[in-house]
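Some notes on the structure that comes next.
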Amino acid sequence: MNTSLDVEQPVRPARLPPPSDVLGVSTAQRRTASLEESIRRDPGRFRVLTGDRPTGLLHLGHYFGTLHNRVRLQNLGVEMFLVIADYQVLTDRDVADHLTEHVEGLILDYLAIGIDPGRSTIFAHSAIPALNQLLLPFLSLVSVAELSRNPTVKDEIAHSRQSSVSGLMFTYPAHQAADILFCKANLVPVGQDQLPHLELTRTIARRFNDRYGTDAAVFPEPDALLSAAPLLLGTDGTKMSKSRGNAIALAASADETAKLIRGAKTDADRHITYDPATRAEVSSLVLLAALCLNRDPRLVAEDIGAGGAAALKRTVTEAVNEYLAPIRERRARYARERAYIRQVLRDGIERANTVAETTLKEVRTAMNALY
Ligand code: TRP
């Protein structure tokens, strides 16, 4: 989640783990293992919904945190819906700037990493009226106390630079439930910070079914699929975020990447090791190289050894640029086909609208509000 006004996209790997199982993390972890097993056996049983706020370019923190997991699920044969959460941008800022640019940029990033619009539906939630209408009955199913207990929202409010908390900030987790439930998704790949939202979604689904249910449940209770998100820091050793100038965007050029890594923070010890607990900055660079090279970070560190920060940075730069080269090439190719990008979005919106209208009809039928 965004934790301040200008932080672009969530960097889930950098979030601190909760002190106990308040977010249900260990439960979700246990469940994730058995879900992975079922997905491999029968991917057709699952429908995924996940997405992003259109606030800027996606970067390597997103990529190794969640994006690459989405492509994996898609390629396993799981049906996927990707929401571009444009209304949600307004939770912690007054206006959503450069919306068209950010929305199209997200689609370019998605296609470049291997999301296939033939198999995955990409849409913006503001364009789906029936999805948004679900918010009203959903809000009737949650208490103000429940909304105010949400630890992720509390954290965002604490970090927000806005002087007052808007009603949208307070209620967007219920809107997120509409994002998930309009298409009856049963699987939501998320980082730990999103678990409270998913818990609320499950509560809403359960209460709706209980309150209005006939024989068949209208909504599934979706499961969280936690990705084993590695802890990638920005090049200054703090949380990776575009607005801090410490993030390597998927769309950045090889030169921009080299420059960012050249300026990355390291430490005085010339001998390179992988020790995230005591050497956060150096270890994060080693990890980045290891992820790109698909190697064990300890071995990457060993190979650099006494080469020092300069050799480390050379290794990281080469690994990242080589890994991202085909992604960047595809992105540049799609960027020249703006009409195609618009069409992908229009097609996704059309499909999402059809699905949302069907669900809304079921909801209104269950509520005896179909006239
Ligand atoms: N809250 C998510 C984020 O900040 C974006 C999002 C909106 C989302 N709706 C969603 C994620 C539904 C998962 C499911 O990145």
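The values are calculated or read from the model by the stated rules, or taken from the named source; none is laboratory data. These numbers were taken from a predicted model, which means no experiment stands behind them. Backbone-built Cβ (ideal geometry, glycine too); neighbour counts: all protein chains shown. Quick note on the areas: whole protein, heavy atoms, side chains included, nothing else; ligands and nucleic acids left out. Shrake-Rupley method; radii C 1.70, N 1.55, O 1.52, S 1.80 Å.
Scan (1) open to solvent by 80 Å² or more (accessible area, probe 1.4 Å); (2) closer than 20 Å to T66 by Cα; (3) touching a residue at least 40 places away in the same chain (Cβ under 8 Å) for the single condition R262 breaks and write down its number.
Exception for R262: condition (2).
I need the helices (runs of 4 or more DSSP H) fully contained in segment 75-170, keeping only those with at least 3 residues that are within 13 Å of the ligand (Cβ to nearest atom) and at pLDDT 95 or above.
Numbers: elements: 99-113, 129-133, 135-139, 144-149, 151-159.
Counting at least 3 such residues, we get no helices (runs of 4 or more DSSP H) at all.
Consider T235 carefully, then state whether it is under 21 Å from the mean Cα position of the chain (by Cα) and within 13 Å of the ligand (Cβ to nearest atom). Give the steps one after another, and end with the answer.
Numbers: under 21 Å from the mean Cα position of the chain (by Cα): yes; within 13 Å of the ligand (Cβ to nearest atom): no.
Spelling it out, it is not the case that T235 is under 21 Å from the mean Cα position of the chain (by Cα) and within 13 Å of the ligand (Cβ to nearest atom).
Quick one: how many residues across segment 144-174 are of a type in the set (D, E) and under 23 Å from the mean Cα position of the chain (by Cα)?
2
Considering (1) open to solvent by 10 Å² or more (accessible area, probe 1.4 Å); (2) touching a Phe, Trp or Tyr at 6+ places or on another chain (Cβ under 7 Å); (3) in contact (Cβ under 8 Å) with a residue 60 or more places away in the chain, say which one L57 fails and leave the rest.
The one condition L57 does not meet is (2).
Here are the criteria: (1) within 20 Å of L312 (Cα to Cα); (2) open to solvent by less than 50 Å² (accessible area, probe 1.4 Å). Tell me which single one L231 does not satisfy.
(2)
For every residue, the table says whether it meets (1) surrounded by fewer than 20 Cβ atoms within 10 Å (Cβ to Cβ); (2) within 15 Å of the ligand (Cβ to nearest atom); (3) at positive phi; (4) touching a residue at least 24 places away in the same chain (Cβ under 8 Å).
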| site | (1), (2), (3), (4) |
| --- | --- |
| H197 | no, yes, no, yes |
| L225 | no, yes, no, yes |
| A268 | yes, no, no, no |
| E281 | yes, no, no, yes |
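Any residue in segment 134-143 that is open to solvent by less than 10 Å² (accessible area, probe 1.4 Å) and within 15 Å of the chain's Cα centre (by Cα)?
Scanning segment 134-143 turns up no residue that is open to solvent by less than 10 Å² (accessible area, probe 1.4 Å) and within 15 Å of the chain's Cα centre (by Cα).
Quick one: would you say P54 is more than 17 Å from the chain's Cα centre (by Cα) and not aliphatic (A, V, I, L, M)? Before you say what the answer is, go through the steps one by one.
Working: more than 17 Å from the chain's Cα centre (by Cα): no; not aliphatic (A, V, I, L, M): yes.
Against the criterion (more than 17 Å from the chain's Cα centre (by Cα) and not aliphatic (A, V, I, L, M)), P54 does not qualify.
Mind listing whichever residues of segment 96-107 are among the hydrophobic types (A, V, I, L, M, F, W, C) and open to solvent by 20 Å² or more (accessible area, probe 1.4 Å)?
A96, L99
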